[in-house]
Structures are given as C-alpha cells and as structure tokens.
Amino acid sequence: MYTTEETTLANLPLGRRGIVKSLDAEGIIRRRLLDLGLIPGTVVEPIRKSPAGDPIAFKIRGAVIALRLEEGHRVCVRPL
Amino acid sequence: MGLTYQRSAKRVLRANFVNSPASDYIVALAGNPNTGKSTVFNALTGLKQHTGNWPGKTVIQAYGNYRYKGKMITLVDLPGTYSLFTNSPEEEVARDFICFGEPDVTIVVVDATCLERNLNFVLQVMEITPKTIMCLNLIDEARRRNIHIDYKKLQDKLGVPVIPTAARNGEGLNQLKDTVNRLASGLICPNPRQLRYEDSIEKTIEELAAELIPTLQDRINKRWIALRLIEGDYSVIASIKKYLGSSTFKEEFEYGTDTPRMGCFK
Amino acid sequence: MGQTPQEWVVLNDVVHKAETFRNLQGENIHDKIVSNIYAEAESLVSDVVELTNIKKDWDHRIDDIVTSRIFGYPLMLVLLGVVFWLTITGANYPSALLADLLFGLEERFTRLFQILGAPAWLHGLVVLGTYRSLAWVVSVMLPPMAIFFPIFTLLEDLGYLPRVAFNLDRAFKRVGAHGKQALTMSIGFGCNAAGVLAARIIDSPRERLIAILTNNFVPCNGRFPTLILISTIFIGAGVASTYGNMAASAMVIGLVLVGISVTLLVSRVLSRTLLRGEPSLFSLELPPYRKPQVGRVIVRSFLDRTIFVLGRAVVIAAPAGTITWILANVYIGDLSIVAHAAGWLEPFGQALGLDGIIVLAFLLGLPANEIVIPIMLMSYLAAGAMLELNSLSAMRELLVSQGWTWVTALNVMLFSLLHFPCGTTLLTIRKETGSFKWTVLSAVITTAIAIVVCFLIAQGARIFDLV
C-alpha cells in the first residue's frame, strides 16, 4: 500500500493521492486529458468508484471528474 | 476579389448567434460548465429559463437583451466548456464567437470555489481578447466554505476587471453591468497579463504574427492565431477561411453553426 | 474552386512555416502550452486565495450513499418509484376534480346548444368533438405533469442526474455507448425532443447518434399519463384499493426498466452494426450539490414546462378532436370513416393484441402522444356504448366492453413505450442529425421493436391460453 512505484491512475487506491508523471495517449485523447488538467506535476486523488467499479471519480484541480478505466490507465502517476 | 476583413463577415457570424436588431454592444458570456453561467445570463437579461445542475446543459445558444444606462446590450450565452482548444464542436463554437465574432466584451463566469480550474479558461480567453471581464461568481458559496479570494490583487495580476458576484441573489450584478458598459465604450482599457512561452516559441510567434498582418490586418489577434498554427490546430485555419474569406472559400468551409455536424454520418 | 486569392497563398505559407517549426521542435508543443497556462493559473491562485479551516462538505457524504455499492442502484429505483407513486397518488384527486368540473361544463354547453336550437352536427362537432378532447387532455394530462415536472426539476437542480450517469456508465460502456447517454435519457423523461437536443453534450458523433436514436425508449411526459392511466385502471384496480397506487407505480417502473433494457440492447446492436467504432473519451464532472430554490423551481417548472407541454397538447388536441369526431360521424355506406379505417387495420391490430381503433389512434397521435387516448376513447364512444366518461371505472367499463383484456392493456402500454417518436421529436432528430435517413431509421427501429414485442406477447398469450 505504501509503495511509491509508478502506476496508473486507475490502479491508485481510493483516497491515495498521486502525482501525474506522464500521459500514454496521443492526438485528441491526449489533448482532452490535458484539458481536464491532467498535466505532469498535477496532484490527483481518486475519491469514489461507481457501484460497478468503473468509472472512477477523481479530484482533479478542484473539480470531481469521473473517468473510465481505459482513460485512467493512460495516466501514469507516482503515489504520494 | 480582395481578402480584406469584411465587416459583413462579422455580421454573418454574429447572425449565427444573434438575430436581434440594433443593439449597442454585443457581449459574450463564456465559462466552464457548472459555474452558474446560465444563472448570470438569466439574472442579467431577466429571462426566466430554467437552469439545471448537470454539465453541459446550455446546449442551445441563447441570447437576450438588457438595457443599462441608455445602452442596449445583447448577451450571447456560449456553451460551457473546459477550454477553448478545439476538441469538440461546443469548444469550437465558443472559440469562434470570441475570436471571429468580435464581441465588444467577453464575460468569463468563474466558480469562486474552484478558482484554479476556472482561471485556466480565463487565461485562454485573455489570450484571444483583451476585452475580458472575469465574473467571480458563487462568491457566497466561497465565503460559506471559508475560501477567501483577494480579488483586488487578482485583478491587478490579471490586468482585466474582476467582479465578485452571487448571481442567485443578485449580488454584484450592477457592478458587472457597469463594468461592461465602461469596457465596451472604451472608458476602461484592460492590459491583460500575457502568457510567455520559451524563447524559441516566442520568436516564431513573432515572425508568424508579422506575416499574418496582410491577411488579417488589424482585427484579429495575430499572436493567438500564430500560436494555434504552431501547435497544429488546423480548425483555426478553417475558421479564418470561413469567416474572413472570399465567397469561394466561404462556401467551401461553410456549414451551419446552429446544427452540430455529424461528420461521416451525413 | 475559384482562383486562390493572394492572401491565401500567404496564409498557406505561414501554415507551412509553423509546421516546419513544429517538426523541428520534436516535443509536443500543445503540451507545453497547456502546462504553461495551468502553471500560471496555479501560481495566481496561490497568490490570491486563502483557505481557513475548510469545512467538510455534505457532498461527500451524500455521494457516499448515492454511489454506494450496496445502495447505489436500489436507491435509484426507490427514487424512481417514489416519484411515480407521488405522481399517481397526487394526480388522482385533482384529476377527478378537473374531470367533474370540465364534464359538468360539457352538460351546460349541451343545454345551451339545445336552447339555441343548434343542429345536432354542430353540437357534436364543437362539444362532443373539440371540447371533449380538450377536457380529456386537460384532466388526464395536467395533474400528473404538474406533479412530475417540479419533482423532476428539483432532482435536476440538486445535481442528482450526473450521479445517475456515473452509476450507469458501466452498462453503457458495455454496449459501446457513452455514459452521458444516461443524462440525455433523464432529460427524455421530461420530453424526448429535449432529450435528443441534450445529446449535444456527447462529443463523439457515433455515440451521440446512438443516444439520439434510442432516446424515445424513455417514456416522456406525453406518454406517462397514458401509462399511468392504463396501469391504474387495469392493474391498480385489480388489487386492494390501498395498494392500487403502489401496484400502478410498480407497473410504470417495470415499463421504464423495459425501456432502459431496450435502449441498451438497441445501443449494442447499433454499435456493432451501423455505428461501429471505438468508444471515445469519457469524462463526466460530478458538480457540487446545490440547494434548489424550491419555491422558484415549482413556479418555473409549472410555468415553463407544464404549461408549455400542456399548451402544445391542447393546440393539437382541439383540431384532432374535431377531425376525429368528423371521421367518426361521417358515414360512407353504413359505416363511419373511423370504422372503415379501423376495420381495415383490425387484422393487424389483432395480431399485435390490440385492435384497429388503437392502431388508428397511435397513427393519428403522431403530432403528440398526449392525444392518443382521447382519440381512442372518442372513436370507441362513437361506436355508441355510453355517453358519460368522467370516472376511471366508467373508462374501464368502456374499454372492457370494447373487448380489452389484460393483454390489450399491457400491449397498449408497451406499444406506447416503444413506438415511433412524436412529430416534434422527429423534427428535432432531423435537425440534429441533418439526415433524413437517420430520422426515418429512428422511426423504423422503434416501431419495428414495438410490433415484434406486442406480436410475441399477443401470440404467446393466445398459445398458452392466458386470455
């Protein structure tokens, strides 16, 4: 649980904050992830999961934004 | 046929949004989703449309009028978006109106409880037009949550007017209207904070902006266009040709702004 | 394309230079631009914002329950049930009151016509045709709308709808659709045309089109009263009166669940066939809950939505009533026009467990779903069973005397739920897709499903001798 090894946003346990390292996406998806504020250096916290486990809602720069697992796996983070 | 910027092109674009007859000023209302933008719109124009609480609810461009100190102001409610980079039809609509519709003032409605995310949008608008007012809405909510914003300092740093409001109970709206009139009539001249990029980018921006002068003349923000070209946003070229171009080009890039395009599904 | 003006050459030249620079840079310039802006915003915020003992928000605790693994889905169902139960229970009394009032007025009109010595056809046209269909639309439609719209608007203002989309996204992902489709469906409960318009919040054209084509499977306010009315008089009346409203609510929830299942099924088929493609990026903001301004919501939802929708229904119901009366009372040979048409449609209707008049009423109800029941009742009445129709039990008697069974009732509800979108919705689909083909398809898909479902139920009931 206290590992600081890099992982993806979707793997981050609820309540465990992480810092964005890089995005594994190109083109429009990359642009949209950036627009949501997921730029390297941003601190993100997974707050809740949908009852089905997917999507997951994250606190990103003051707003609560839900992403599907596919997108969550595109964001590499280092747990804090 | 020359390619001077035609005033009529602006009218064509504006007509896509606004059918209202002679008004003194056209004011765009922009902002992130869920900032109370529609509430500000209703409070200013006196329209009593219902506003729900779900992201993206402003799906139809609305416009309304209000009168303040003898001036007739037309307010255009743009779709709520997170940014003005054209990743979606809504973002393109908002960007095109702010840039090519040349509104006399652009009000950016901001959620005071979520300032950082919203400032990102304000800075993007300020890159396009200096005639920007930041409407710091939901200030009552921010107070309730013990979020203190030094908006005087923010105004100094941004270089554009910052007006705290609580549109739900009418707080700050008179000051907002007053600022709109003064900005539109040239009584205030904002000096927006300019974002600086690294030297190599800045140098290229300058070069390209200079080359754009014959095409765009003195009307559109050439620095901003140059920046979009550098990052490879080709939709901006399409928009230039669409709104500023000769009839041949106009037809080529023409599509109805009031109906979203369904692309390959036509 | 005409000749290229000099300025475009310059512009193309600039574009080319920008491209060269971008390629030389190697790194992603857009990344840098976005990072730069966010960094600027961050530093500004740290300069001007001060936080003192931040209050823990209620939002968090409400969301813990609303999106909980255990309570999330049941809570949605319970909420839906409560809304329907309130609507059905609350609508009963005012509905009866309005019916008494309006049909009382009808008698006075009749007497007035007699005193004035007006010819029978004029009395029929104005009172039995135009006025009566107006009275039905108002007494049957107004009370449920006036209750449903404010409750729904309160939920919408509170911020509950994005949570519904959050909870349901997994199901939509599985069928290749967008989670925000749940939002457009929620709006569809109010009005399908509004739901189709709301599909603009979905960026990907493919997923937006799926949302548009399936929105009609959510019963709108024009169809709710039909569903409520029929489940009240056929299902509600079947059980002890205290549980009548609950049974009727359960029936309506069941129908909504059928609608949702069909939505998912059709979305799946579409995303595997005509609208194949990759799912686009899904991001959904869960905005903070907002305390609705209750008084305002009630007034606004009544004035803006209820009166608007009712007004539209009334505008269509008046001429529809007049025309239906004419069709039901002009005879060709020894049968009225309605009887001719219904007779012609009868075999088709029977195959679906309906009858000719029901099918005719759905066809004539194309402009607005609200007028289907009035047209149906008027056509039945013209067949001459009875004259008074101001109570639910009288309505039940009339329908049963026309050969209605529980299969007829069920299939009328299912057909209403699944059949072609109303005229306004079709026009909206045409406008939003810009395509005639997709508009036609939206009507064909829905109607085909309605026909198949009703046919299977009718034939099943016949084979197993359940009627």
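The values are calculated or read from the model by the stated rules, or taken from the named source; none is laboratory data. No experiment lies behind these values; they were computed from the predicted model shown. Because the Cβ atoms are built from the backbone with ideal geometry, glycine has one as well, and the counts that use them run over all protein chains shown. For accessibility, only protein heavy atoms count, side chains too; no ligands or nucleic acids. Shrake-Rupley method; radii C 1.70, N 1.55, O 1.52, S 1.80 Å.
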Only listed residue being within 11 Å of chain B (Cβ to nearest Cβ), open to solvent by 50 Å² or more (accessible area, probe 1.4 Å) and not small (Gly, Ala, Ser), chosen from C:Val269, C:Val294, C:Val299: C:Val299
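Filter segment B:210-231 down to residues that are closer than 15 Å to C:Ala18 by Cβ, of a type outside the set (D, E, K, R) and open to solvent by less than 20 Å² (accessible area, probe 1.4 Å), then give me how many there are. Lay out the reasoning, then the answer.
Going residue by residue through segment B:210-231, those that are closer than 15 Å to C:Ala18 by Cβ are B:210-212, B:215-216, B:222-231.
Cutting the leftovers down to of a type outside the set (D, E, K, R) gives us B:210, B:212, B:215-216, B:224-227, B:229-230.
If we keep only those that are open to solvent by less than 20 Å² (accessible area, probe 1.4 Å) too, we end up with B:212, B:215-216, B:224-227, B:229-230.
Residues in segment B:210-231 being closer than 15 Å to C:Ala18 by Cβ, of a type outside the set (D, E, K, R) and open to solvent by less than 20 Å² (accessible area, probe 1.4 Å): 9 in total.
Being hydrophobic (A, V, I, L, M, F, W, C) and at the interface with another protein chain (Cβ under 7 Å from one of its Cβ atoms) is the filter; apply it to segment A:24-62 and report the residue that is surrounded by the fewest Cβ atoms within 10 Å (Cβ to Cβ).
Step one: list which residues in segment A:24-62 are hydrophobic (A, V, I, L, M, F, W, C), which gives A:25, A:28-29, A:33-34, A:36, A:38-39, A:43-44, A:47, A:52, A:56-58, A:60.
Narrowing the set further to residues that are at the interface with another protein chain (Cβ under 7 Å from one of its Cβ atoms) leaves A:28-29, A:34, A:36, A:39, A:52, A:57.
Values: A:Ile28: 14, A:Ile29: 17, A:Leu34: 25, A:Leu36: 24, A:Ile39: 21, A:Ala52: 17, A:Ala57: 24.
Filtering first and then ranking leaves A:Ile28.
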Total residues in segment A:5-23, condition free of Cβ contacts under 8 Å to residues at least 60 places away in the same chain, surrounded by 15 or more Cβ atoms within 10 Å (Cβ to Cβ) and assigned to a loop (DSSP other than H, G, I, E, B): 0
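Would you confirm whether or not segment B:135-153 contains a residue that is hydrophobic (A, V, I, L, M, F, W, C), within 22 Å of C:Arg290 (Cα to Cα) and facing chain C (nearest Cβ under 8 Å)? Lay out the reasoning, then the answer.
Taking segment B:135-153 first, the residues hydrophobic (A, V, I, L, M, F, W, C) are B:135-136, B:138-139, B:142, B:147, B:149.
Subset that is within 22 Å of C:Arg290 (Cα to Cα): B:135-136, B:138-139, B:142, B:147, B:149.
If we keep only those that are facing chain C (nearest Cβ under 8 Å) too, we end up with B:147, B:149.
The answer is yes, given that some residue of segment B:135-153 is hydrophobic (A, V, I, L, M, F, W, C), within 22 Å of C:Arg290 (Cα to Cα) and facing chain C (nearest Cβ under 8 Å).
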Out of (1) open to solvent by less than 40 Å² (accessible area, probe 1.4 Å); (2) at positive phi; (3) not aliphatic (A, V, I, L, M), the odd one out for C:Pro374 is which? (2)
Residue that is farthest from the other protein chains (Cβ to nearest Cβ), among those in segment C:176-216 that are of a type in the set (Val, Ile, Thr) and open to solvent by 10 Å² or more (accessible area, probe 1.4 Å): C:Ile187
Of the numbered conditions (1) out of contact with any Asp or Glu (no Cβ under 9 Å at 6 or more places or on another chain); (2) within 14 Å of another protein chain (Cβ to nearest Cβ); (3) at pLDDT 90 or above, C:Leu51 fails exactly one; give the number of that condition. (3)
Could you figure out which of (1) open to solvent by less than 20 Å² (accessible area, probe 1.4 Å); (2) closer than 30 Å to A:Asp35 by Cα; (3) touching a residue at least 40 places away in the same chain (Cβ under 8 Å) isn't true of C:Pro288? (1)
Please enumerate the residues belonging to segment B:184-201 that are of a type in the set (Val, Ile, Thr) and closer than 17 Å to B:Pro161 by Cα. B:Ile188
Could you list, ordered by first residue, the pairs with Cβ atoms under 7 Å in which the first is in segment C:213-225 and over 10 Å from C:Gly259 (Cβ atoms) and hydrophobic (A, V, I, L, M, F, W, C) and the second is modelled with pLDDT under 95 and outside any helix (DSSP H, G or I), at least 6 apart or interchain? C:Cys220/C:Cys191
Members of segment C:54-82 found to be more than 10 Å from chain A (Cβ to nearest Cβ) and either acidic (Asp, Glu) or in contact with a Gly (Cβ under 6 Å, 6 or more places away or on another chain) (or both), listed by number: C:Asp57
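Is it true that C:Asn36 is open to solvent by 40 Å² or more (accessible area, probe 1.4 Å), under 23 Å from B:Ser235 (Cβ atoms) and within 10 Å of chain A (Cβ to nearest Cβ)?
Values: open to solvent by 40 Å² or more (accessible area, probe 1.4 Å): no; under 23 Å from B:Ser235 (Cβ atoms): yes; within 10 Å of chain A (Cβ to nearest Cβ): yes.
No; evaluated as a whole, the condition is false for this residue.
Would it be correct to say that A:Ala66 is open to solvent by less than 30 Å² (accessible area, probe 1.4 Å), facing another protein chain (nearest Cβ under 8 Å) and either in contact (Cβ under 8 Å) with a residue 40 or more places away in the chain or within 23 Å of B:Glu91 (Cα to Cα) (or both)? Break it down stepwise before answering.
Details: open to solvent by less than 30 Å² (accessible area, probe 1.4 Å): yes; facing another protein chain (nearest Cβ under 8 Å): yes; either in contact (Cβ under 8 Å) with a residue 40 or more places away in the chain or within 23 Å of B:Glu91 (Cα to Cα) (or both): yes.
Yes, satisfied.
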Of the conditions (1) hydroxyl-bearing (Ser, Thr, Tyr); (2) part of a loop (DSSP other than H, G, I, E, B); (3) modelled with pLDDT of 85 or more, B:Thr51 satisfies every one except a single condition; which number is it? (3)
All but one of (1) under 20 Å from the mean Cα position of the chain (by Cα); (2) among the hydrophobic types (A, V, I, L, M, F, W, C); (3) open to solvent by less than 30 Å² (accessible area, probe 1.4 Å) hold for C:Val138; state the number of the condition that does not hold. (3)
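Here's the yes/no breakdown for (1) basic (Lys, Arg); (2) modelled with pLDDT of 95 or more; (3) under 19 Å from the mean Cα position of the chain (by Cα); (4) part of a helix (DSSP H, G or I):
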residue: C:Ser393; (1), (2), (3), (4): no, no, no, yes
residue: C:Glu397; (1), (2), (3), (4): no, no, no, yes
residue: C:Arg430; (1), (2), (3), (4): yes, no, yes, yes
residue: C:Ala461; (1), (2), (3), (4): no, no, no, yes
residue: C:Leu466; (1), (2), (3), (4): no, no, no, no
What's the number of the condition C:Ile115 fails, among (1) surrounded by 15 or more Cβ atoms within 10 Å (Cβ to Cβ); (2) without any contact (Cβ under 8 Å) to a residue 60 or more places away in the chain? (1)
